[in-house]
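The values are calculated or read from the model by the stated rules, or taken from the named source; none is laboratory data. The shown structure was predicted, so the numbers you read here are calculated from the model rather than taken from an experiment. Methodologically, a virtual Cβ is constructed for each residue, glycine included, from the backbone with ideal geometry; neighbour enumeration extends over all protein chains shown. Only protein heavy atoms, including side chains, enter the accessible area calculation; ligands, DNA and RNA are left aside. Shrake-Rupley method; radii C 1.70, N 1.55, O 1.52, S 1.80 Å.
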Amino acid sequence: MALPEKCPLCGTDRRKQNVVTPHVYGDKDHNRAFYHCQECDVRYQYPALSPEEEGRFYAAEFEGFMAGRSGTSGGWQSAENHIRANEATRIRRMQYLTPHIFRGASILEVGCSSGFMLFPLKDSGHECVGIEPSGVFGEHVKKQGIAVYSSIEDLVKNEPARQFDIIQHFFVLEHINALQAFLESQLGLLKAGGKIIMEIPNAADPLYSVYEIPAFERFYWSIAHPWYFSESSLRYLLDRLGQPYEILLDQRYDLSNHIVWARDGKPGGMGRFTAQLGSEIEEIYKNTLIKNRRCDTLIAIITKNGGIKQ
Ligand SMILES: [Zn+2]
């Protein structure tokens with residue numbers, strides 16, 4: 001197996017790079033692994049997917065791959081099912097989005113998927129635009145009257161003067177190879193004072209960092225992700241943008257989901273025992289994980305404040 005020469009995020013040499021896991025979900029050739037950099041704390045896949053492999057993956061395989069990971073409950077089979085299956089997710093996200101979205105705000109969502117976040121925002125009078133490389137969902141969102149482009153470059157080519165108040169993306173950053181260029185291109189599309197609001201997996205997911213469930217290890221580290229961030233590695237990345245930011249923590253999956261992981265070694269347990277446990281227990285459980293910083297989700301809010309510092 002090829003070993004990384006240096007950390008692809010901070011450049012620290014191989015003496016500070018350790019294997020996290022040789023199990024990369026979706027790596028049919030078994031020639032990849034995830035590494036941890038002791039210097040900046042990022043976890044990264046090595047060798048990375050080539051641009052050709054990545055292009056093929058997103059053009060054709062992504063929905064099928066996600067359906068395999070989430071089972072039928074994720075609703076990846078059709079856009080309508082997907083919108084329905086993600087209503088609880090939308091409500092959870094709106095709790096931290098709402099304070100930043102003022103009346104009539106212009107909103108760009110990068111990776112808008114089936115449009116489940118954008119449709120209600122459009123109905124509330126916001127100007128919405130989506131970026132969606134996956135053909136199936138992009139077409140669906142366009143048919144419902146929201147402009148969708150296949151990439152940020154495609155948007156800039158078609159609407160060169162367009163600027164936004166909010167750029168949002170959820171579980172996108174961990175799919176991007178050129179992280180800094182990705183975020184800087186978004187800062188260029190923001191009005192002064194505009195915000196990038198994003199959600200990513202937290203490498204301190206309790207199924208990994210507390211319970212160390214072997215089946216979860218084989219599931220979590222995915223070929224679709226060049227990176228996994230912790231709070232400190234996310235700070236390392238965001239400091240380089242030279243813009244003010246804050247990081248929030250959240251826990252998406254509930255105690256029922258964790259019990260099913262422990263019992264069956266499988267995802268898909270959300271809400272299964274909530275009626276018996278009581279929603280109060282679920283709430284206390286989630287809040288305790290967040291308080292102890294052993295939770296599954298990181299949220300970053302970056303404010304555009306003048307020029308970009310290199
Ligand atoms: Zn590093």
* Asked: If residue 143 passes every condition in (1) of a type outside the set (Ser, Thr, Tyr); (2) in contact (Cβ under 8 Å) with a residue 40 or more places away in the chain; (3) closer than 27 Å to residue 55 by Cβ but one, which one does it miss?
  -> (2)
* Structure fact -> The one condition residue 39 fails out of (1) at pLDDT below 75; (2) under 17 Å from residue 4 (Cβ atoms) is (1)
* Asked: Taking the stretch 35-54 as the search range and keeping residues that are outside any loop (DSSP other than H, G, I, E, B) and more than 16 Å from the ligand (Cβ to nearest atom), which one is nearest to the chain's Cα centre (by Cα)?
  -> 54
* Report yes if some residue within the stretch 145-154 is out of contact with any strand residue (DSSP E or B) (no Cβ under 7 Å at 6 or more places or on another chain), loosely packed, with under 14 Cβ neighbours inside 10 Å and on the phi > 0 side of the Ramachandran plot; otherwise report no. => yes
* Which of (1) at pLDDT below 95; (2) buried (at least 20 other Cβ atoms within 10 Å of the Cβ); (3) of a type in the set (A, V, I, L, M, F, W, C) is the odd one out, the single condition residue 176 does not satisfy? -> (2)
* Filter the stretch 21-34 for residues that are farther than 12 Å from residue 227 by Cα and either within 14 Å of the ligand (Cβ to nearest atom) or not in a loop (DSSP other than H, G, I, E, B) (or both) and give the result. => 21, 25
* Asked: Taking residue 246 and the conditions (1) assigned to a loop (DSSP other than H, G, I, E, B); (2) open to solvent by 40 Å² or more (accessible area, probe 1.4 Å); (3) in contact with a strand residue (DSSP E or B) (Cβ under 7 Å, 6 or more places away or on another chain), which numbered condition does it fall short on, given that it satisfies the others?
  -> (1)
* **Neighbours by Cβ (under 6 Å, 6+ apart or cross-chain): first from the stretch 1-20, over 14 Å from residue 43 (Cα atoms) and open to solvent by 100 Å² or more (accessible area, probe 1.4 Å); second more than 8 Å from the ligand (Cβ to nearest atom) and not in a strand (DSSP E or B)** => 5/14
* To do: State which residue is farthest from residue 226 (Cα to Cα) when the search covers only the stretch 1-12 and only residues that are out of contact with any helix residue (DSSP H, G or I) (no Cβ under 9 Å at 6 or more places or on another chain) and within 10 Å of the ligand (Cβ to nearest atom).
  => 12
* **Residue selected from the stretch 80-120 under the condition assigned to a helix (DSSP H, G or I) and of a type in the set (Lys, Arg), by the criterion most open to solvent (accessible area, probe 1.4 Å)** => 84
